[in-house]
Amino acid sequence: MGDLNECGARRLYEVSRDHYAPALVAFAVRWLDDLAAQPDSVALCLGRDGIAPFVAARRLLRLASPRFRAVHPWRVQLAYLSRPLAAGATAQAEQAALLDRYLRALGAERGRPLVLVDVGVHGSIQDCLQQVYPGREVRGHYLVLRRRAGDRNGERKWGFLADLDVIPRPERDHPPSWPPPPGWDLGGVLRRGDPLFLQRRSIHLLEDLWNGVGAVAQTFRVSRGDGRVGVVRGQPCEGPDLPPVLPIPQADWRRLKRAALWGVADGVARGRRLDGAAPGLAAWFRELATPTPVDAYLTDALVRRDRH
């Protein structure tokens, strides 16, 4: 197990450095430029899935400061907001007040435009925040986006690796034209990117491999000392799709998680190409259909089991 864990940490570090980091740099360029266009706006990388984009962007701001001189690092924050917390804020005024105090502590004072950064899928946290702040501008940049039909906030959401417009299927069993438009097999029309990243397994890989050692935010917490609002996070590696017992020792699990983020940070420093895409990342995802023993170890240890 020791040798396999050593090989796994090295492999995940290299994949993160050579394949994921270039994609994150190109992704960061898009939303950092959006941030620069509105000097009052604040970017919230939604933890825990947003931790890798946060690491990449903060490192990029430091290493390519002339390119992003209009964006001070304090305007890029890691915000531990989960779907339950955001939804709770739409239902209860008390929770909305706690959410507002939490965002203010991050520098996102009331009225500042918000730029949300996340792995994504539908952008539901953005929808909740827009409901809590109906007059506030909230925009979302996602690695993967399935834009629901009739999404009122859909034109303020963008996907990078894949951006799909979900459309209602016609009553007949075949698409209205042949060949069908890209992404039709996934229930829509592809605006951008590679439909590979819209597959359930790909989304699980993006969410689970690079989300750090933390856990999902469960509730808000008010400090007794200064009244500062923070969040309470659950136990790591437990959730509806994950077993309560790790398949490997927790120390090894944490080591793999840290290797992934170190690879992202070093990959940004090594390359810093601002026009990159994700061909290497897509190629690795495809290789996982028939994984090597080391890759199988990584996915077994870190990625949730698909219930479907």
Exercise. For the range 1-77, please list each of the helices (runs of 4 or more DSSP H) lying entirely inside it that holds at least 2 residues being closer than 20 Å to Glu137 by Cα and at pLDDT 95 or above.
Key: 21-37
Quiz item: How many residues, within the range 66-80, are open to solvent by 60 Å² or more (accessible area, probe 1.4 Å) and over 20 Å from the mean Cα position of the chain (by Cα)?
Solution: 5
Exercise. Kindly establish whether Arg110 is at pLDDT below 95 and touching a helix residue (DSSP H, G or I) at 6+ places or on another chain (Cβ under 7 Å).
Key: yes
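Conditions (1) in contact with a Gly (Cβ under 6 Å, 6 or more places away or on another chain); (2) at pLDDT below 90; (3) open to solvent by 50 Å² or more (accessible area, probe 1.4 Å), marked per residue:
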{"residue": "Asp208", "(1), (2), (3)": "no, no, no"}
{"residue": "Val216", "(1), (2), (3)": "yes, yes, yes"}
{"residue": "Thr219", "(1), (2), (3)": "no, no, yes"}
{"residue": "Val222", "(1), (2), (3)": "no, no, yes"}
{"residue": "Gly227", "(1), (2), (3)": "no, yes, no"}
{"residue": "Gly234", "(1), (2), (3)": "no, yes, no"}
{"residue": "Cys237", "(1), (2), (3)": "no, yes, no"}
{"residue": "Pro247", "(1), (2), (3)": "no, yes, yes"}
Quiz item: Does any residue of the range 262-275 turn out to be acidic (Asp, Glu), assigned to a loop (DSSP other than H, G, I, E, B), open to solvent by 40 Å² or more (accessible area, probe 1.4 Å) and at pLDDT below 95?
Solution: yes
Exercise. Would you check if there is a residue in the range 37-48 being touching a helix residue (DSSP H, G or I) at 6+ places or on another chain (Cβ under 7 Å) and open to solvent by 10 Å² or more (accessible area, probe 1.4 Å)?
Key: no
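The values are calculated or read from the model by the stated rules, or taken from the named source; none is laboratory data. Bear in mind that the values here come from a model prediction, so they are computed numbers and not experimental data. Cβ coordinates were reconstructed from backbone atoms using ideal geometry, including for glycine residues, and neighbour counts include every protein chain displayed. Remember, those area values only see protein heavy atoms, side chains included, never the ligands or the DNA or RNA. Shrake-Rupley method; radii C 1.70, N 1.55, O 1.52, S 1.80 Å.
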